[in-house]
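Read through the structure below, which is laid out as structure tokens, and then see the notes.
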Amino acid sequence: MAAKNDQQGNQHPEATFIVLCLVLAGVAYLLWHFFSGYIIRGLFPIQWLQIKFIQLTSGIGRTGTEVLQFVEATIKGDQDAWTIGIADFWAIRTIVGERVQWLMLGLTSIFVAILVKRSFKTDAYKRELSLNGLMSYNAEHWRTSTFSVAFDPDKLWPQMAPQRAPGEWLRDNEISYQGGDLNKAKAESVMAEQLGVLWQGIDNVALHIQVMLMIIGAHAVSPSSGSKKKASDKLRGDITVAYTIHKDPAKRDAIVASLIAPFLASPDITKLIVEVTKKHAWTATILIEFLETSRKAAGVLPSAEFLWLKSIDRPLFYVLNNVGRRKYHVEGAGAMSHYFFEKGAKRGLSEPRVENAVAGILHYLKVEKMVDDLSQMPSDT
């Protein structure tokens with residue numbers, strides 16, 4: 001019954017609103033009818049100050065002069081405040097208010113501009129940094145860029161040279177191309193080296209392979225925020241710093257091994273690795289699949305986050321740099337070729353299948369560059 005009464009009481013909100021408006025209007029009318037003189041005498045001095053302010057700053061013109069005279073007469077008592085109607089009172093407030101609001105806006109803007117200019121006049125908020133200085137500053141916050149800061153492009157470091165063009169790669173590996181005939185056997189042999197070694201368990205691969213598995217695995221199991229995300233980011237930063245500042249390989253490897261030890265014991269990462277190794281046979285193709293899986297699960301993991309790998313295992317760096325591309329670096333194309341053969345077979349293949357990568361080089365030479373001999377190509381193509 002109580003609920004029914006409540007419902008009936010709330011059935012006409014419009015009527016309630018109308019009654020409320022009428023009551024407020026009645027109160028306003030009574031206030032004005034009995035107290036208009038007091039209201040006007042209280043507010044007109046404020047209006048007078050506003051008009052004088054306008055007069056001093058921008059002038060008031062004929063209408064403004066008439067309003068000023070009327071207000072002053074009311075304040076002095078020459079004009080009876082009780083005879084002023086609400087329409088006249090409201091017209092005066094509107095005329096004065098419109099002029100004042102624009103003046104105040106302009107003056108406030110000028111004041112703020114002066115304040116900002118004076119505040120930033122000194123060098124307190126300015127720093128001058130060289131390119132290396134800027135990179136060093138960034139590395140304090142994004143530790144995976146530490147390796148880039150330490151890299152000196154003026155010093156000869158073959159491992160860190162830019163990606164090789166197909167012609168360069170053929171010359172560097174002494175693979176002949178004459179009369180439109182490529183030494184395919186040797187090209188396939190060199191391409192097969194990009195695959196790394198056959199998978200025989202995580203304990204039987206090189207340390208840097210273990211590191212990459214842990215970096216990718218930690219990223220795969222970490223959400224967009226939280227302790228796992230922080231641990232994943234910290235691992236990448238710590239690994240980069242270790243490979244950058246420690247020049248003694250034995251000391252460096254001991255530090256790196258200690259950094260990845262907690263992640264090697266992670267059942268979540270181990271489970272992911274087991275799933276990936278069921279589908280691929282070689283360390284390179286396992287890492288390709290693992291990186292693909294990780295990116296799908298947790299977002300982009302760019303190769304810039306593990307640039308140190310290029311100094312340790314240049315072919316593997318370019319293999320992983322190829323992931324997500326549609327046109328591959330020649331230094332990682334062999335591994336990509338084999339990877340897609342394994343994807344098609346839905347299992348690992350122990351026999352290297354890099355012929356598609358070699359066919360891609362031939363297409364590049366004959367169709368794109370239209371040359372029949374390596375000597376016809378510039379040294380950097």
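We did not get these values from a lab; they are worked out from the coordinates using the rules stated. Just so you know, these numbers come straight off a predicted model, no measurement behind them. As a convention, Cβ positions derive from the backbone with ideal geometry for all residues, glycine included, and neighbour counts pool all protein chains shown.
Could you sort the peptides 197-204, 348-355 by per-residue average Cβ neighbour count (10 Å cutoff), highest mean leading? List each step's numbers first, then the result.
Working: 197-204: 12.2, 348-355: 16.2.
Highest mean packing first, the order is 348-355, 197-204.
I'd like to compare 265-277, 314-326: which one has the highest average count of other Cβ atoms within 10 Å, and what's the full order after that? Display every interim value, and only then the final one.
On the way: 265-277: 15.5, 314-326: 19.8.
Result, highest mean first: 314-326, 265-277.
Ignoring everything except DSSP H segments at least 4 long, calculate the 222 nm mean residue ellipticity for the chain; use -39,500 (n - 2.57) per segment, divide by total residues, nearest 500. Mind dumping the intermediate values first?
Values: 17 runs with 249 residues, N = 381.
Theoretical 222 nm ellipticity from helices: -21500 deg cm²/dmol.
What ³J(HN,Hα) values, in whole Hz, does the Karplus curve 6.51 cos²θ - 1.76 cosθ + 1.60 give for the stretch 145-154 when θ = phi - 60°, with x put for Gly and Pro?
Values per residue, Gly and Pro as x: 8, 4, 4, 5, 5, 6, 6, 10, x, 7 Hz.
Would you please give the residues with an amide H less than 5 Å from that of residue 79, counting only those at least 5 places away or on a separate chain, with H modeled from the backbone geometry?
74
Projecting each Cα onto the charge dipole of the chain (Lys/Arg +1, Asp/Glu -1 at the beta carbon, about the Cα centre), which of 84, 109, 282 comes out farthest on the positive side?
Of 84, 109, 282, it is 84.
Based on Cβ point charges of +1 for Lys and Arg and -1 for Asp and Glu, what charge dipole magnitude is obtained for the chain about its Cα centre, in debye rounded to the nearest 20?
Here the chain has a charge dipole of around 540 debye.
By how many degrees, between 0 and 90 and to the nearest 10, does the Cα long axis of helix 61-76 differ from the longest principal axis of the chain?
That helix lies at roughly 60 degrees to the long axis.
Along the stretch 79-84, what does the Karplus equation 6.51 cos²θ - 1.76 cosθ + 1.60 (θ = phi - 60°) give for ³J(HN,Hα), rounded to whole Hz, x for Gly and Pro?
Computed from phi, the couplings for the stretch 79-84 are 10, 6, 4, 6, 8, 7 Hz.
Note the listed values (1) 20.7; (2) 23.0; (3) 28.7, then indicate which one is Kirkwood radius over Cα pairs in Å calculated from this particular structure.
(3)
What list of ³J(HN,Hα) values in whole Hz, one per residue of the stretch 190-204 in order, does the Karplus curve 6.51 cos²θ - 1.76 cosθ + 1.60 (θ = phi - 60°) give from phi, with Gly and Pro shown as x?
Listing the rounded values in order: 5, 4, 5, 5, 5, 6, x, 10, 5, 6, 9, x, 5, 6, 10 Hz.
Mind running the shape call on the stretch 14-119? Use the C-alpha gyration tensor, a ≥ b ≥ c as the square roots of the eigenvalues: rounded below 1.5 for a/c, prolate if a/b tops b/c, oblate otherwise.
Since a/c reaches 1.5 but b/c is at least a/b, the shape of the stretch 14-119 is classed as oblate.
Quick check on packing: order 331-343, 38-50 by the mean number of other C-beta atoms within 10 Å, highest mean leading.
Numbers: 331-343: 23.5, 38-50: 15.9.
So the peptides 331-343, 38-50, ranked by packing, come out 331-343, 38-50.
Quick one: putting +1 on the C-beta of Lys and Arg, -1 on the C-beta of Asp and Glu, what dipole do you get for the stretch 185-298 around its Cα centre, in Debye to the nearest 20? Intermediate values should be presented prior to the final figure.
Numbers: 14 positive and 11 negative charges, 74 e Å.
With only Lys, Arg, Asp and Glu charged at Cβ, the dipole is about 360 debye.
Going down the table (230/343; 271/346; 251/296; 230/310), which pairs top 30 Å between alpha carbons?
Numbers: 230/343 33 Å; 271/346 19 Å; 251/296 35 Å; 230/310 25 Å.
In this structure, 230/343; 251/296 lie more than 30 Å apart at Cα.
Helix 249-264 versus the longest principal axis of the chain: what is the Cα-based angle in degrees, 0 to 90, to the nearest 10?
For helix 249-264, the angle is close to 60 degrees.
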